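Take a look at the structure below.
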Amino acid sequence: MSKALEGIRVLDMTHVQSGPSATQLLAWLGADVVKLEAPGGDITRKQLRDLPDVDSLYFTMLNCNKRSITLNTKSERGKELLTELIRRSDVLVENFGPGAVDRMGFTWERIREINPRIVYASIKGFGEGPYTKFKAYEVVAQAMGGSMSTTGFEDGPPLATGAQIGDSGTGVHTVAGILAALFQRERTGRGQRVNVAMQHAVLNLCRVKLRDQQRLAHGDLAEYPNEDFGDEVPRSGNASGGGQPGWAVRCAPGGPNDYVYVIVQPVGWEPLSRLIGRQELADDPEWATPEARLPKLGKMFQLIEEWSSTLAKWEVLERLNAHNIPCGPILSTKEIIEDASLVANDMVVQVDHPERGTFTTVGSPLKLSDSPVDITTPPLLGEHNAQVYIDELRLTGEELLLLKTQGVI
């Protein structure tokens, strides 16, 4: 069966996480992703290694389904080869520091001159302005995109989220931009520039907090459990801050992840009050309506926790779901990696690697009926040099050997 992006060639000049996460999604969708690395390789091949002299899980889990070539783009011959690679590609993706590709001699004007149909996507930390040249990392983007100031408990410091919304979150936004540009190219015949900033992507994911920032002008946020409000959205613990209040309640035996997140919908209060042994609250005017419960969210979830703390989280889950009450257990990373349903849905997959053996990684969350995804092993450094340079760019074996001797590849 053909893939959605079959026939699309992506020149992947990315490294670390934000860029590789984007190009891996494109590869999963069927694009031919050629990862161009300096002769020393993507830095993450050596970072956080768990096995000596073997590509790290950091690298392998972000670079499946790709091919790898090496090239010293600072050399004159390297620039010539890069020019030919650009000419043959549909998409170029990079996440170097601001201006790095321009300094190689490949400005957008030059790239467009080489290949007018190419989609050139860049991931940067920030947009144009005072932050442009700041170095950006995952948690820096969280800090400056609105996430950290609104994550954590009211009396505690700002916290980073474990989800990589700055890096992989930006990668997903980049894929959306690339796909849109490719679709538009079908009508115009022209490629275009795609720019995505990590700060901007995090901000987009935090839009509900900007919603609440504006609501503060008209009074306190009743959906938050906080007692005091100033002129900015506070940290509110595990409260959703949405239309339906929710909280993580403790379960037995009280381990670090023995919690279930419970959402109390208006229709769910009566069965929930009965379930926790407080049936009298279903008709009590002080508790019966959402408006009556809002000022008492802390007390409400305390009552629920008095019940849930006597039961294991899977028992709590079963009883709540029996009454159609929205809930979800807090799953640890160990529970997730061992979750049979995630394995059955190809979201936790096993991949064979020629050097490290089998490793576990995350599968594609994009499920297309006519474009199934098979996760294949990430490439070794320069594994496809001969395939790309000889078979596709028509260099000779002697030329390839000379390029390696000269440090061009």
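For the reader, a short list of remarks on this structure follows.
Let's see how each residue does on (1) in contact with a helix residue (DSSP H, G or I) (Cβ under 7 Å, 6 or more places away or on another chain); (2) more than 14 Å from Ala197 (Cα to Cα):
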{"residue": "Glu128", "(1), (2)": "no, no"}
{"residue": "Phe134", "(1), (2)": "no, no"}
{"residue": "Ser149", "(1), (2)": "no, yes"}
{"residue": "Asp167", "(1), (2)": "yes, no"}
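- Residue in the stretch 293-316 that is open to solvent by less than 60 Å² (accessible area, probe 1.4 Å), more than 24 Å from Phe153 (Cβ to Cβ) and part of a helix (DSSP H, G or I) present: no
- Residue list for the stretch 159-175, restricted to those being open to solvent by 60 Å² or more (accessible area, probe 1.4 Å) and under 15 Å from His200 (Cβ atoms): Val172
One line per residue, one yes/no per condition, for (1) of a type in the set (Lys, Arg); (2) farther than 20 Å from Lys124 by Cβ; (3) without any contact (Cβ under 8 Å) to a residue 40 or more places away in the chain:
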{"position": "Val10", "(1), (2), (3)": "no, no, no"}
{"position": "Ala31", "(1), (2), (3)": "no, yes, no"}
{"position": "Lys35", "(1), (2), (3)": "yes, no, no"}
{"position": "Leu51", "(1), (2), (3)": "no, yes, no"}
{"position": "Val54", "(1), (2), (3)": "no, yes, no"}
{"position": "Phe59", "(1), (2), (3)": "no, yes, no"}
{"position": "Thr107", "(1), (2), (3)": "no, no, yes"}
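- Test: residue in the stretch 165-177 that is more than 30 Å from Arg117 (Cβ to Cβ) and modelled with pLDDT of 95 or more: yes
- Those strands (runs of 3 or more DSSP E) of the stretch 45-158 in which at least 1 residues are modelled with pLDDT of 95 or more and open to solvent by 20 Å² or more (accessible area, probe 1.4 Å), considering only elements entirely within it, cover 66-70, 119-124.
- Restricting attention to the stretch 148-158, the residues that are within 19 Å of the chain's Cα centre (by Cα) and without any contact (Cβ under 8 Å) to a residue 60 or more places away in the chain add up to 1.
- Flag not set for Gly255, criterion: modelled with pLDDT under 95 and either surrounded by fewer than 18 Cβ atoms within 10 Å (Cβ to Cβ) or out of contact with any strand residue (DSSP E or B) (no Cβ under 8 Å at 6 or more places or on another chain) (or both).
- Apart from one condition, Tyr224 fits all of (1) among the aromatic types (Phe, Trp, Tyr); (2) part of a helix (DSSP H, G or I); (3) touching a Ser or Thr at 6+ places or on another chain (Cβ under 6 Å); the exception is (2).
- Yes/no for Trp247 being outside any loop (DSSP other than H, G, I, E, B) and either of a type in the set (D, E, K, R) or over 22 Å from Ala160 (Cα atoms) (or both): no
- The single condition among (1) of a type in the set (Gly, Ala, Ser); (2) in contact (Cβ under 8 Å) with a residue 40 or more places away in the chain; (3) under 28 Å from Ser332 (Cα atoms) that Ala222 does not meet is (3).
The values are calculated or read from the model by the stated rules, or taken from the named source; none is laboratory data. Keep in mind it's a predicted model, so treat the numbers as computed, not measured. Quick reminder, even Gly has a Cβ in these numbers, built from the backbone with ideal geometry, and neighbours come from all protein chains shown. The accessibility values were calculated without ligands, DNA or RNA, using every heavy atom of the protein model including side chains. Shrake-Rupley method; radii C 1.70, N 1.55, O 1.52, S 1.80 Å.
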